[in-house]
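Participant: One structure, as structure tokens, below. Some questions next.
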Amino acid sequence: MSFSAKDLLADADFEQPPQVVNTQSQNETDSKDQIALFDSDSDLSEGEMEQLTLSDNNEYPDSQYYLQEKIDHPELNIVKDSSIDSLVELIKTRDFKNIIVMTGAGVSTTVGIPDFRSPETGLYHNLERFNLPSPEDMFDLDYFLYNPEPFYILVKDLYPGKIQPSKTHYFIRLLADKGLLRRHYTQNIDTLERVAGIPDELLVESHGSFHTAHCVGIRDKPGCHKEYSKQYIKEKINAKEVPYCTECGGLVKPDIVFFGEELPQKFFDCYFEDFQKCDLLLVFGTSLTVQPFCNLIDFASIDTPRCLINNRLAGVTGHPRKGFDFSGSFQKYRRDIFYKGNCDDGSTILAKSMGLEDELNELIARESKKFQKPVVNNDENKDDEVKKEETDKKESDEVKTNEDKSNKNNTGEDKINEESKK
Ligand code: CNA
């Protein structure tokens, strides 16, 4: 018995809800479908160990077969074990040129944007004040149409401001600069990928972004879809007002994808070919609980190495063809790596193994200048609008100075003329 890529894709659970669905129950850490043999030296918590060491795994009997296969056929072990060192070894021997990076909210927490599900600091943990039926309702379209206020109060924290991207964002930008990035699929809505300079054509903002907004109507009355700018929404949020459509009175919602809404077309246009071509999959800072995004990992070819960099275990289902298999025991190829830690530390390790550490530090140093307090004559630090205002002012000052000079000259000339007349 063996699986081809075709079998994998046929069976992969991507009968898209093309809409965003929360699948916490499928992938969350207390899932019952886990199995033994996690042999990396990562420091797993008790709960995570339990997740990986459930002995009675009758649901997927294939796993016994795979274990024997891998003993008989060592070539099925793409990596020696699930530690980051194994990936570092692989990077040194292989030229990865079609890297796909998937990211979640964990890549932005180090720069102060809270994620959803981190205990204590995550947004879901801090929603008691809104008295929601469930935390996910904050990003549910039906609930938004019924009660938009909690979203607009909360969104102030998430709204893209002048925040400098994290080291991980710059690492992805560097992969793009080096021509190694096939595509960056992000779930984030903070637009820090754009700020970091990842080009639009390499970016799939799978859950939309704050870049634009549209009228979505009100309950029982569809919206007119009039488009509104980021600036318009920002002004309303700052004034603590809910934005309503000036045409039809419907609610205006930023174009971030809520549960129950379709993903952007670009996601569906790109993912299939991208994942067929992907030679290394890097997954950063996500609980892998939102469908269909979390299913993307199943679309990498069955022998493509995949690496999760996250401060807790995620994406393990115990299924022979779905999710990660860090234990290397229930999927055909041993190819999954788990680095349990901070995304930025993981990026540092990867950059180093690719010989890009110095360039990454230089890139960050260069980009950081844009976020330092404006220094006189340091044009790099200023927004285009500020620059324009300054140019206009400079020009008008110059005109004024020239006028003054010419007045002075005139006065001087007049004086000379007067004196010569005398
Ligand atoms: P999540 O479910 O909150 O998961 C984040 C994961 O990252 C968790 O497993 C954390 O333990 C982990 N984590 C947090 N910080 C770090 C760190 N510094 N290093 C390593 N791991 C870390 O968020 P997901 O992205 O998985 O969920 C998808 C939602 C979240 C999308 O719909 C997003 O739009 C939404 N979201 C986005 C932002 C943003 O744009 N910055 C913020 C909050 C939520």
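The values are calculated or read from the model by the stated rules, or taken from the named source; none is laboratory data. If you're wondering where the values come from, they're calculated on a predicted model, not measured in any experiment. Cβ: placed from backbone, ideal geometry, glycine included. Neighbour counts: every protein chain shown.
Participant: I'm told Ala351 meets every condition in (1) within 16 Å of the ligand (Cβ to nearest atom); (2) touching an Asp or Glu at 6+ places or on another chain (Cβ under 9 Å); (3) under 22 Å from Asn77 (Cα atoms); (4) not β-branched (Val, Ile, Thr) except one. Can you identify the failing condition by its number?
Facilitator: (3)
Participant: Of all residues being buried (at least 16 other Cβ atoms within 10 Å of the Cβ) and of a type in the set (Ser, Thr, Tyr) in segment 111-133, which is farthest from the ligand (Cβ to nearest atom)? Just the residue, please.
Facilitator: So the residue we want is Tyr124.
Participant: Going by the conditions given, is Pro165 under 15 Å from the mean Cα position of the chain (by Cα) and not charged (D, E, K, R)?
Facilitator: So Pro165 passes the test.
Participant: Let me ask something else. Considering only residues that are among the acidic types (Asp, Glu) and closer than 30 Å to Thr289 by Cα, look in segment 238-264 and name the one that is modelled with the lowest pLDDT.
Facilitator: So the residue we want is Glu261.
Participant: Sticking with this structure for a sec: List the pairs whose first member sits in segment 133-150 and is over 21 Å from Lys236 (Cβ atoms) and assigned to a helix (DSSP H, G or I), whose second member is basic (Lys, Arg) and modelled with pLDDT of 90 or more, and whose Cβ atoms are under 8 Å apart, counting only residues at least 6 apart or on separate chains?
Facilitator: none
Participant: Same structure, new question: When you check Thr246 against the structure, is it surrounded by 24 or more Cβ atoms within 10 Å (Cβ to Cβ) and under 28 Å from His214 (Cα atoms), yes or no?
Facilitator: Against the criterion (surrounded by 24 or more Cβ atoms within 10 Å (Cβ to Cβ) and under 28 Å from His214 (Cα atoms)), Thr246 does not qualify.
Participant: Then there is this: What number of residues within segment 315-348 are within 19 Å of the chain's Cα centre (by Cα) and under 25 Å from Leu360 (Cβ atoms)?
Facilitator: Selection size over segment 315-348: 11.
Participant: List the number of the failed condition for Glu201; all other conditions in (1) more than 14 Å from Met102 (Cα to Cα); (2) among the acidic types (Asp, Glu); (3) crowded, with 23+ Cβ neighbours inside 10 Å hold.
Facilitator: With respect to (1) more than 14 Å from Met102 (Cα to Cα); (2) among the acidic types (Asp, Glu); (3) crowded, with 23+ Cβ neighbours inside 10 Å, Glu201 is out only on (3).
Participant: Quickly run through segment 253-275 and pick out the residues that are in contact (Cβ under 8 Å) with a residue 12 or more places away in the chain and among the acidic types (Asp, Glu).
Facilitator: Asp255, Glu261, Glu262, Asp274
Participant: In the set Cys215, Cys224, which member is more than 21 Å from Thr286 (Cβ to Cβ), among the hydrophobic types (A, V, I, L, M, F, W, C) and crowded, with 23+ Cβ neighbours inside 10 Å?
Facilitator: Cys215
Participant: For segment 336-373, which positions are farther than 22 Å from Asn311 by Cβ, of a type outside the set (A, V, I, L, M, F, W, C) and in a loop (DSSP other than H, G, I, E, B)?
Facilitator: Scanning segment 336-373 gives Gly355, Gln372, Lys373.
Participant: On to the next question. Could you please find all residues in segment 286-331 being assigned to a loop (DSSP other than H, G, I, E, B), within 16 Å of the ligand (Cβ to nearest atom) and hydrophobic (A, V, I, L, M, F, W, C)?
Facilitator: Across segment 286-331, the qualifying residues are Leu288, Leu313, Ala314, Phe326.
Participant: Also, I was wondering about something else. Yes or no: segment 177-187 includes at least one residue that is away from the ligand (no atom under 11 Å from the Cβ), among the β-branched types (Val, Ile, Thr) and surrounded by 23 or more Cβ atoms within 10 Å (Cβ to Cβ).
Facilitator: no
Participant: Pick from Phe275, Phe267: which is under 25 Å from Leu202 (Cβ atoms), within 16 Å of the ligand (Cβ to nearest atom) and outside any loop (DSSP other than H, G, I, E, B)?
Facilitator: Selected residue: Phe267, the only one of Phe275, Phe267 that is under 25 Å from Leu202 (Cβ atoms), within 16 Å of the ligand (Cβ to nearest atom) and outside any loop (DSSP other than H, G, I, E, B).
Participant: Please go through (1) touching a helix residue (DSSP H, G or I) at 6+ places or on another chain (Cβ under 7 Å); (2) modelled with pLDDT under 90; (3) farther than 20 Å from Leu154 by Cα for Asp220 and return the number of the only condition it doesn't satisfy.
Facilitator: In the conditions (1) touching a helix residue (DSSP H, G or I) at 6+ places or on another chain (Cβ under 7 Å); (2) modelled with pLDDT under 90; (3) farther than 20 Å from Leu154 by Cα, Asp220 misses (1) alone.
Participant: Within segment 86-96, is even one residue in contact (Cβ under 8 Å) with a residue 60 or more places away in the chain, within 13 Å of the ligand (Cβ to nearest atom), in a loop (DSSP other than H, G, I, E, B) and out of contact with any Phe, Trp or Tyr (no Cβ under 9 Å at 6 or more places or on another chain)?
Facilitator: Looking through segment 86-96, none of the residues is in contact (Cβ under 8 Å) with a residue 60 or more places away in the chain, within 13 Å of the ligand (Cβ to nearest atom), in a loop (DSSP other than H, G, I, E, B) and out of contact with any Phe, Trp or Tyr (no Cβ under 9 Å at 6 or more places or on another chain).
Participant: Follow-up. Going residue by residue through segment 99-115, is there one that turns out to be among the charged types (D, E, K, R) and either without any contact (Cβ under 8 Å) to a residue 60 or more places away in the chain or touching a helix residue (DSSP H, G or I) at 6+ places or on another chain (Cβ under 7 Å) (or both)?
Facilitator: yes
Participant: Report those helices (runs of 4 or more DSSP H) wholly inside segment 156-252 carrying at least 2 residues which are touching a residue at least 24 places away in the same chain (Cβ under 8 Å), within 21 Å of Lys266 (Cα to Cα) and out of contact with any Ser or Thr (no Cβ under 8 Å at 6 or more places or on another chain).
Facilitator: Output list reads 167-177, 192-196.
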